[in-house]
Each structure stands twice: as C-alpha cells, then as structure tokens.
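Student: I have a structure here, written as structure tokens, and I will follow up with some questions on it.
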Amino acid sequence: MVKQWWENLSERDKRIASIGGIVLALYLIYQFIIAPFSHAIRDEKAALSDKRDTLTFMQNVLSHTPPGDTTTSISHTELLSILSKSLQKTSFHHYTYQLSQTSTDDIELNYATVPFTDFMQWLKKISTKYTVNIKRLSINKTNTPGVVKLSLVIGSA
C-alpha cells in the first residue's frame with residue numbers, strides 16, 4: 001500500500017517527502033540522542049563548578065586556622081553539653097534546631113533553616129577549640145539566600 005502510494009507520487013512530491021523524512025530523522029536523532037547528552041554534560045559541569053567552589057571555600061577556611069592552636073579533648077557526654085550551651089550563645093540561637101545523642105559516640109544537630117555563614121563560623125570555632133570529628137554534614141539550599149537546611153553528625157575524638 002505504501003509502495004503503491006510512493007509510485008503514484010510525482011518526482012517533485014517524492015523529493016519533498018524524502019527531504020521531509022531526512023529532516024524528521026535528524027530532528028529525532030537530536031531530540032533523543034544529542035539533547036539528553038548535552039543537558040547531562042551541562043548539569044555535570046555545573047555540579048563540578050559548585051564542588052570546586054566548595055573545595056576552594058573549605059581550603060580557605062582551613063588555611064585561616066592559626067598554627068599552634070591546641071584543642072581540648074572532651075568526652076562524648078561533655079560534647080552534648082558543650083554544644084547545647086554554645087548554640088544558645090550564637091547569633092542564630094533563635095532558629096529552631098534539634099540536638100540529640102543518636103549513639104554513644106554520635107550527636108546529631110538538625111536545622112530546618114539556619115544562616116550558612118554564621119553556622120560555619122560557629123562550627124569552625126567548636127572544631128578549633130575542641131577535638132571533634134565531623135562524621136556527616138548535609139547542607140541543602142532553601143529559597144532564602146544565605147539560609148540553608150542543615151544536618152550534622154558530630155562526635156568527640
């Protein structure tokens with residue numbers, strides 16, 4: 001049926017149908033092969049750029065730690081008390097948080113929203129004053145610039 005239809009077409013119509021088929025094939029190749037790869041590469045480049053920025057920031061924070069600073073060793077029970085008291089004295093103390101001891105070694109701190117810069121300065125202060133291990137730090141952006149959702153698992157070393 002298609003063969004008969006094709007044979008009944010004039011040379012001009014066959015040429016137009018052939019060109020249309022080629023254009024359609026190129027469009028489908030672009031839509032289903034080239035565009036997904038292009039978008040994936042763009043997204044990965046953006047993620048890499050963000051990770052490089054984070055690495056640069058963390059290296060700057062590390063390089064600003066004064067040499068010769070000594071840290072105080074503390075027990076797991078002391079750490080919970082120190083964190084609780086320290087959080088009450090911060091500039092972000094009015095933000096709601098959850099502080100809990102999840103195991104004998106771990107303390108978990110969660111914020112639905114908290115100022116990123118202030119929290120990182122507080123964390124640097126705690127980690128330079130006391131011997132602690134940051135076991136997990138999860139930071140997610142919110143709709144408010146400079147404010148993040150945060151989850152931290154910390155333990156004494």
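The values are calculated or read from the model by the stated rules, or taken from the named source; none is laboratory data. Predicted model, so just to flag it, every value in this text is computed and none were measured. Please note: Cβ atoms are built from the backbone with ideal geometry, for glycine as well, and neighbour counts cover all protein chains shown. Surface accessibility is based on the protein's heavy atoms, side chains included, excluding ligands, DNA and RNA. Shrake-Rupley method; radii C 1.70, N 1.55, O 1.52, S 1.80 Å.
Student: Compute the acute angle (0 to 90°) between the alpha-carbon long axis of helix 76-88 and the principal axis of greatest extent of the alpha-carbon atoms of the chain; round to the nearest 10°.
Tutor: 80 degrees
Student: Additional query: What is the gain in length, in nm to one decimal, between residue 100 and residue 5 on full extension, counting 0.36 nm per residue of separation less the C-alpha to C-alpha distance?
Tutor: Working: separation 95, 0.36 × 95 = 34.20 nm, distance 7.60 nm.
Answer, rounded to one decimal: 26.6 nm.
Student: Specify which labelled value, from (i) 91, 32, 29; (ii) 49, 31, 28; (iii) 43, 36, 28, agrees with Cα extents along the principal axes in Å derived from the coordinates of the model shown.
Tutor: The value matching this structure is (i).
Student: Something else now. Roughly how tilted is helix 35-63, in degrees to the nearest 10 and between 0 and 90, from the longest Cα axis of the chain?
Tutor: It is inclined by approximately 20 degrees.
Student: For residue 106, what accessible area in Å² do you get when you roll a 1.4 Å probe over the heavy atoms of the protein chains, rounding to the nearest 10?
Tutor: Spelled out: residue 106, probe radius 1.4 Å, area about 30 Å².
Student: Carbon and sulfur together cover what percent of the accessible area of segment 56-157 at a 1.4 Å probe radius? If you can, show how the numbers build up before the last one.
Tutor: Working: 3320 of 6280 Å².
Reported share for carbon and sulfur atoms: 53 percent.
Student: Right, next: Work out how much length residue 149 to residue 110 would gain on full extension: take 0.36 nm times their residue separation and subtract the Cα-Cα distance, in nm to one decimal.
Tutor: On the way: separation 39, 0.36 × 39 = 14.04 nm, distance 0.80 nm.
Between residue 149 and residue 110, full extension yields an extra 13.2 nm.
Student: Among the lysines, select those whose C-alpha is under 30 Å from the C-alpha of residue 14, and discard any that sit fewer than 8 residues away in the same chain.
Tutor: 3
Student: Using Cα atoms only, what is the angle between the long axis of helix 116-129 and the major principal axis of the chain, expressed in degrees (0 to 90) to the nearest 10?
Tutor: 40 degrees
Student: Still on this structure, I have one more. Distance cut-off 21 Å, Cα to Cα: go down the list 45/124; 129/149; 85/141; 89/129; 51/135; 89/125 and report the pairs above it. Present the calculation step by step, with values, prior to reporting the outcome.
Tutor: Details: 45/124 29 Å; 129/149 25 Å; 85/141 26 Å; 89/129 15 Å; 51/135 19 Å; 89/125 12 Å.
Table pairs above 21 Å Cα-Cα are 45/124; 129/149; 85/141.
Student: Same structure, new question: At a probe radius of 1.4 Å, what is the per-residue accessible area of residue 144, in Å² to the nearest 10?
Tutor: Around 80 Å² of this residue is reachable by solvent.
Student: Under a crude label model (7 Å from the Cα following the beta-carbon direction), how far is residue 86 from residue 43 in nanometres?
Tutor: For the pair residue 86/residue 43, the computed spacing is 3.7 nm.
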